[in-house]
Amino acid sequence: MNLRALLNALTGRKSSKDVAKERLRLVLVHDRASVSPEFLEKIKEEIIRVISKYMEIDESNTVVNMHRSDDSAILEANLAIKAIRRNIH
Amino acid sequence: MGEVIVITSGKGGVGKTTTTANLGVGLALAEKKVVLIDADIGLRNLDVVMGLENRIVYDLVDVVEGRCRTKQALIRDKRYHNLFLLPAAQTRDKNAVSPEQMKKLCQELKEEYDFILVDCPAGIEQGFRNAIAGADQALIVTTPEVSAVRDADRIIGLVEAGEIKMSRLIINRLRPDMVKRGDMLDIDDILEILAIELIGVVPDDEKIIISTNRGEPVAALNDGSPSGKAYRNIVRRLLGETVPFLDFYKNQSFLSRLKRIIGLS
Ligand SMILES: Nc1ncnc2c1ncn2[C@@H]1O[C@H](COP(=O)(O)OP(=O)(O)OP(=O)(O)O)[C@@H](O)[C@H]1O
Ligand SMILES: [Mg+2]
């Protein structure tokens, strides 16, 4: 660790390399997801398939999307429930 | 049967042409028969990096349009055994070549040469698609910068979606002093993000500019330059040898090396 790295560590300031890596990670989440238009559609179908074991989902009122906040990428799924199955253990 | 290797990157100016020239010279010095194809139509550059710009008669478009035989367009580099350049056309439009024509040409060259290196244009348009059309392998060049790594990720996706069976990464213009300071992405950071096999790391080196000025690729000069050594190592890896990666951190103090080893930095 050299002087600058030590200073960064003491002041809690991230090195520019760490900032670069973090930004890259996030931008690639978005890039990779948006390259394929069927990507989110596929995830949506899979989520509905799993959740349907437990409750009845209104597919037409279900939205899956991806957005990013400052420091993370978020996958958001809003599923409208029609009914919950009775005998689930 | 020869191997067709495309050198590509997405982002412009990261070192594709320099890499193509140096690997070509390195392979020729290893007694392989090599053809370099400049697929950057309209922005011909490989000829000047190789120092062969005064010997061009025919070009890639002349070959695919049948105005000359392939052999007539190949410029022999008299300094090495069996190194040839097929220059790009300078004035014609970028769509003068089709992926099918490129495939056919690569197929023809593979019959006679051991390695065909294709210098790809920047971008992901037609020129890129032509350049990768006949390739068996891809070498993806990036620099340790956010935009270059991002574009490399895109290119890796496109290459993997096609017929190319193997793609490996070259990290170019690494500056160990900046990495040490925490001001440049390190090799491990880039590999973690891109999840691709590494075939070489070339340091940022002023010798590259000096040798390009003279039209003599550094891989040919045994002057101890770190970039020349890095290119020769990539050549050996292309030929199937296992060669340890150069240690760019050898000037570090004992303490910082120790910390690196025990995982403190
Ligand atoms: N390792 C290096 N050290 C120092 N300079 C370098 C290095 N690699 C490449 N360069 C310089 O960077 C510049 C761009 O290199 P080059 O032309 O090979 O890139 P390119 O990817 O082919 O560009 P383009 O996308 O325009 O075709 C050149 O001036 C070259 O000399
Ligand atoms: Mg170039």
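The values are calculated or read from the model by the stated rules, or taken from the named source; none is laboratory data. Just so you know, these numbers come straight off a predicted model, no measurement behind them. Reconstructed Cβ throughout: ideal geometry from the backbone, glycine too, with neighbour counts over all protein chains shown. Accessible surface is based on the protein model in full, side chains and every heavy atom, while ligands, DNA and RNA are left aside. Shrake-Rupley method; radii C 1.70, N 1.55, O 1.52, S 1.80 Å.
Filtering segment A:22-39 to residues that are touching a helix residue (DSSP H, G or I) at 6+ places or on another chain (Cβ under 7 Å) and open to solvent by less than 50 Å² (accessible area, probe 1.4 Å) leaves A:Leu24, A:Val27, A:Leu28, A:Asp31, A:Ala33.
Quick one: would you say A:Leu79 is modelled with pLDDT of 90 or more and closer than 18 Å to B:Leu194 by Cβ? Show your work before the answer.
On the way: modelled with pLDDT of 90 or more: yes; closer than 18 Å to B:Leu194 by Cβ: no.
No: the conditions fail for A:Leu79.
Does B:Asn54 fit the bill of being within 12 Å of ligand 2 (Cβ to nearest atom), closer than 16 Å to B:Glu216 by Cβ and open to solvent by 10 Å² or more (accessible area, probe 1.4 Å)? The answer is no for B:Asn54.
When each of B:Val57, B:Val48, B:Val97, B:Val4 is tested for being without any contact (Cβ under 8 Å) to a residue 40 or more places away in the chain and at negative phi, the lone residue that passes is B:Val57. Restricting the first member to segment B:174-186 and to residues that are more than 7 Å from chain A (Cβ to nearest Cβ), and the second to residues that are part of a loop (DSSP other than H, G, I, E, B) and among the charged types (D, E, K, R), the beta-carbon pairs closer than 8 Å and six or more apart or on different chains are B:Leu174/B:Asp204; B:Arg175/B:Asp204; B:Val179/B:Asp186. Scan segment B:157-176 for residues that are open to solvent by less than 70 Å² (accessible area, probe 1.4 Å) and under 26 Å from A:Asp18 (Cβ atoms) and the total you get is 7.
Taking the criterion of being open to solvent by 20 Å² or more (accessible area, probe 1.4 Å) and within 13 Å of ligand 1 (Cβ to nearest atom), the only residue of segment B:128-146 that qualifies is B:Glu145. Quick check on B:Gly42: is it of a type outside the set (A, V, I, L, M, F, W, C) and either within 14 Å of chain A (Cβ to nearest Cβ) or more than 16 Å from ligand 2 (Cβ to nearest atom) (or both)? Spelling it out, it is not the case that B:Gly42 is of a type outside the set (A, V, I, L, M, F, W, C) and either within 14 Å of chain A (Cβ to nearest Cβ) or more than 16 Å from ligand 2 (Cβ to nearest atom) (or both). Note on segment B:189-235: residues that are more than 14 Å from ligand 1 (Cβ to nearest atom), part of a helix (DSSP H, G or I), over 19 Å from B:Lys16 (Cβ atoms) and more than 10 Å from chain A (Cβ to nearest Cβ) amount to 1. In segment B:195-223, which residues are open to solvent by less than 30 Å² (accessible area, probe 1.4 Å) and not hydrophobic (A, V, I, L, M, F, W, C)? Listed by number, the residues that qualify are B:Gly200, B:Pro203, B:Asp205, B:Ser211, B:Gly215, B:Pro217. Here B:Glu192 passes the criteria (1) among the charged types (D, E, K, R); (2) open to solvent by 40 Å² or more (accessible area, probe 1.4 Å); (3) farther than 24 Å from B:Asn233 by Cα except the one numbered (3). Taking each residue of segment B:7-21 that is within 14 Å of another protein chain (Cβ to nearest Cβ) and open to solvent by 10 Å² or more (accessible area, probe 1.4 Å) and looking for partners that are more than 9 Å from ligand 2 (Cβ to nearest atom) and of a type outside the set (Ser, Thr, Tyr) with beta-carbon atoms closer than 7 Å, six or more apart or interchain, yields B:Gly10/B:Ile124; B:Gly10/B:Asp151; B:Gly10/B:Ala152; B:Gly10/B:Arg154; B:Gly10/B:Ile155; B:Lys11/B:Ala148; B:Lys11/B:Asp151. Can you work out which of the residues in segment B:98-121 that are away from ligand 2 (no atom under 16 Å from the Cβ) and part of a loop (DSSP other than H, G, I, E, B) is most open to solvent (accessible area, probe 1.4 Å)? Per the criteria, the residue is B:Glu111. Looking at B:Ala133, B:Ala220, just one residue is within 27 Å of B:Phe84 (Cβ to Cβ) and either in contact with a Pro (Cβ under 8 Å, 6 or more places away or on another chain) or β-branched (Val, Ile, Thr) (or both), and that residue is B:Ala133.
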